[in-house]
Amino acid sequence: MNNHKVKANGHYVELDSLRGIASVLVLITHLMIVFPMIYSPSSPQDNLTLFVLKYLPFTRALFIGGPEAVKLFFVLSGFVLALPFLKGTTIRYLPYLLKRFLRICIPFYVAICLAVLLSIVIQRSSIPELSEWYNSMSWTTPISARLLLGHFFLIGSFNVNAFNNVIWSLVHEMRISILFPLMMYGVIRYSWQKNVAAYLLAGIIGFYLGGYGDTVGYMLLFVVGALLAKHRAFFIKHYKRTGSLPKIILFTFAYALYSLHAPGSNPLITGMVSYINMLGCGSLIIIALSSGRFSTILRNKIVSYLGRISYSLYLYHFIILVASIKLLYGIIPIGFILLLTAAASISIAALSYHFIEIPSIKWGKTLTRSRDTAIQQQYALPPSQ
């Protein structure tokens, strides 16, 4: 029996929960890498336990696996965005884009305004005891009109680390969202082999070039998510037919692919590892939808609520982390600061979800519904006499 729950808007509860878990993993990553020993390179000779935690994929993904969690965001976005297109109904581009803009940008604007305000109000020099990552990201960039405009439009090239470093992924998300209806034309019309081959080739070139090319590289993750949505019944049916042991092996292999990390900064290598992560992400999505034990965990009310507030949690946790450290470091132990950051991040994310995200989503639906009604009235046939 198929037990996975689907909301009226086509979103699967399990996928919301996966997004929530990914947001929590990003939060944990940022809490951990404020410590120099976690952020800086390690060797087994220095500390074997720490080395295993940092570099063994299975453990690394749980503690400092933020980059891999973002890859899961991308594949999930491709899956969820594809569902309305796959219903066979006409999707108007401007209403689609308006709803996408309001869904992403209104909560983002509120969060980034808070970050800019706090960066002005809370002044503190670098903290040598903390990591280079924290000190380089903690609101040290001078505010300029160009920087603020970059944050407003969210699709250009600007310093994404100035106020809230998580927005690098939102830039790619917005760029790809603009092109997504065109991408879906290819997903629907052509085979998965042709889609993967085309975007894989473009992605390799894109990651090699860097800059806007990185967005081209990440398109494959969205396309694979869309292809999974298109063929989900096939994958779910075949997964359910497998025995318990093969399912355990598949889950372990999927998690290993998802959690693989490439040390170093070579953009082409990290891009190719992103594609390996993508395979793990796609497998985990199918497993999540196949109504087994994993699905049961994901349908837990607490986990699913984390899924609902995941976008706000992603937006606010870094802002709260930097503000908390600037205000409290040297007054209370860093461990307590991080615990307060985690609790405050979840609390503020819940408030943002209910008072900013939900109204933004409703606003988008209202505006697009009004526009569709106006179009129907404009082209309606006159009543018969």
Subject >> Net charge contributed by nearby residues that have their C-beta within less than 12 Å of Gly271 (K/R +1, D/E -1) >> reply: 0
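In terms of the Cα gyration tensor, with a ≥ b ≥ c the square roots of its eigenvalues, is region 142-263 rounded because a/c is under 1.5, prolate because a/b exceeds b/c, or oblate?
The shape class here is prolate.
Based on the mean of other beta carbon atoms within 10 Å per residue, what is the order of 40-47, 114-121, 167-174, most packed first? If you can, show how the numbers build up before the last one.
Details: 40-47: 11.5, 114-121: 16.2, 167-174: 21.1.
Highest to lowest by the protection proxy: 167-174, 114-121, 40-47.
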**OP:** Rounded, prolate or oblate: pick one for region 63-161, where a ≥ b ≥ c are the square roots of the eigenvalues of its C-alpha gyration tensor, a/c under 1.5 means rounded, and failing that, prolate if a/b is larger than b/c, else oblate.
**Re:** oblate
Original post:
So how strong a dipole does the chain carry about its Cα centre when Lys and Arg Cβ are +1 and Asp and Glu Cβ are -1, to the nearest 20 debye?
Top reply: 1500 debye
Original post:
Simple spin-label model, 7 Å along Cα-to-Cβ: Ser157 to Leu351 in nm?
Top reply: 3.9 nm
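Between Arg241 and Arg293, what length comes free when the chain is fully extended (0.36 nm per residue of separation minus the Cα-Cα distance, one decimal in nm)?
Numbers: separation 52, 0.36 × 52 = 18.72 nm, distance 1.50 nm.
The span from Arg241 to Arg293 would gain 17.2 nm if fully extended.
Subtract the Cα-Cα distance of Glu129 and Leu367 from 0.36 nm times their separation in residues, and report this length gain in nm to one decimal. Can you show the working numbers first?
Values: separation 238, 0.36 × 238 = 85.68 nm, distance 5.02 nm.
Stretched fully, the Glu129-Leu367 segment lengthens by 80.7 nm.
Can you order the peptides 205-211, 178-184 by their average number of other Cβ atoms within 10 Å per residue, highest first? Please report the intermediate quantities before stating the final value.
Working: 205-211: 15.1, 178-184: 17.1.
The densest-packed peptide leads the list: 178-184, 205-211.
The numbers here are math on the coordinates, done by the rules we state, and not lab data. Only a predicted model underlies this, so the values are computations on that prediction, with no experimental measurement involved. As a convention, Cβ positions derive from the backbone with ideal geometry for all residues, glycine included, and neighbour counts pool all protein chains shown.
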